[in-house]
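Written below as structure tokens is the structure these notes are about.
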Amino acid sequence: MAIATTVTVTPPPPRPVRHFASWVAESAPRGGSVLNVGGGCNASGDFPRVRRRAACLVAVDPSARVLGNSDADERYQLTLEDFSVEHADRFDVAFAVFVMEHVSDPVAFTEAAARVLKPGGVFMAITLNQWHYFGLTTWATSRLGLDEWVLRRVRDPRQVDEYHFHTEYRINSIRSISRHLEHAGFSDVEFRMWDLPRMYEPYLPERLTGLATVWSHAAYRLRRPNLMGHLTFKAVLGN
């Protein structure tokens with residue numbers, strides 16, 4: 001049976017990660033078990049509402065920075081794929097903050113996400129939309145091996161060294177995410193699409209920053225999900 005997919009265009013959240021974390025907290029049963037995929041050291045911020053909701057919060061990340069995640073009850077320096085082998089059917093909710101754009105093997109990743117969840121469990125993520133101009137540009141520069149070169153010319157090289165990981169953009173659209181989630185055994189998925197110019201302006205040449213606002217106004221006027229810069233989703237695993 002095909003995965004049931006719902007797509008809505010929503011207003012841009014003033015604080016995107018915190019807004020997403022609230023959705024995660026609302027989706028987690030009180031006293032449940034929650035997995036932070038790509039937890040690192042929570043570079044995008046802490047998740048106090050998730051922390052209060054969960055009886056057990058676990059962080060997994062291949063980077064050693066996960067060992068410094070003070071929010072988590074347990075920390076594992078592993079990929080989700082490796083972690084899932086010994087932790088099947090353990091979590092009520094798994095969530096990923098700006099991780100999907102770095103996934104090189106979508107099949108293995110989504111299968112691992114399904115494996116760690118209990119039946120009826122939820123996988124959620126916030127990421128970039130591949131079909132937005134920012135996503136398309138990043139996808140192209142990554143394929144050409146120019147992403148590091150470009151980033152060092154638009155951002156502080158020290159920030160690039162500290163926070164940047166190679167991007168893949170292999171599972172960053174409504175279609176590709178839905179397809180891989182369906183293959184992994186998820187029964188339905190809800191997408192919430194939005195655009196927030198200030199998220200992309202720091203990466204644009206100064207003379208082009210105004211185009212981010214023009215694009216955003218046009219995308220909302222047309223109500224076209226694929227024109228939005230970001231997507232969040234909530235997928236439910238089949239029983």
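Looking only at the range 120-138, residues that are at pLDDT below 95, aromatic (Phe, Trp, Tyr) and not in a helix (DSSP H, G or I) come to 1 in all.
Evaluation of residue 19 against the conditions (1) without any contact (Cβ under 8 Å) to a residue 12 or more places away in the chain; (2) touching a helix residue (DSSP H, G or I) at 6+ places or on another chain (Cβ under 9 Å) shows that the sole unmet condition is (2). Give me a count of the residues in the range 103-119 that are surrounded by fewer than 20 Cβ atoms within 10 Å (Cβ to Cβ), in contact (Cβ under 8 Å) with a residue 40 or more places away in the chain and in a helix (DSSP H, G or I). Selection size over the range 103-119: 2.
Considering only the range 30-39, I want to know if a residue exists there that is part of a helix (DSSP H, G or I) and touching a strand residue (DSSP E or B) at 6+ places or on another chain (Cβ under 8 Å). Within the range 30-39, none of the residues are part of a helix (DSSP H, G or I) and touching a strand residue (DSSP E or B) at 6+ places or on another chain (Cβ under 8 Å). Of everything in the range 184-239 that is assigned to a helix (DSSP H, G or I) and among the aromatic types (Phe, Trp, Tyr), the residue that is farthest from residue 5 (Cα to Cα) is 203. Annotation: residue 84 fulfils all but one of (1) assigned to a strand (DSSP E or B); (2) crowded, with 18+ Cβ neighbours inside 10 Å; the unmet one is (1). The selection criterion, being surrounded by 23 or more Cβ atoms within 10 Å (Cβ to Cβ) and in contact (Cβ under 8 Å) with a residue 24 or more places away in the chain, does not hold for residue 9.
The C-beta contact set for the range 120-134 (first residue among the small types (Gly, Ala, Ser), second residue assigned to a loop (DSSP other than H, G, I, E, B), distance under 9 angstrom, 6+ apart or interchain) comprises 120/238; 120/239; 121/89; 125/98; 125/99.
What do you reckon, is residue 89 on the phi > 0 side of the Ramachandran plot and free of Cβ contacts under 8 Å to residues at least 60 places away in the same chain? Write out each step before concluding.
On the way: on the phi > 0 side of the Ramachandran plot: yes; free of Cβ contacts under 8 Å to residues at least 60 places away in the same chain: yes.
Criteria met by residue 89.
For the range 42-81, the candidate set comprises residues that are among the hydroxyl-bearing types (Ser, Thr, Tyr) and modelled with pLDDT under 95; within that set, the residue that is surrounded by the fewest Cβ atoms within 10 Å (Cβ to Cβ) is 70. Checking the range 4-24 against the condition returns no match, with no residue being assigned to a loop (DSSP other than H, G, I, E, B) and farther than 30 Å from residue 219 by Cβ.
The residue pairs whose first member lies in the range 49-65 and is farther than 16 Å from residue 80 by Cβ, whose second member is among the charged types (D, E, K, R), and whose beta carbons are closer than 7 Å, counting only pairs six or more residues apart or on different chains, are 51/71; 53/30; 56/73.
Selection within the range 159-174: residues that are in contact with a Ser or Thr (Cβ under 9 Å, 6 or more places away or on another chain) and modelled with pLDDT of 95 or more. The member of this set that is farthest from residue 127 (Cα to Cα) is 174.
The values are calculated or read from the model by the stated rules, or taken from the named source; none is laboratory data. Note that the structure is a prediction, hence the values are computed from the model and not measured. Cβ coordinates were reconstructed from backbone atoms using ideal geometry, including for glycine residues, and neighbour counts include every protein chain displayed.
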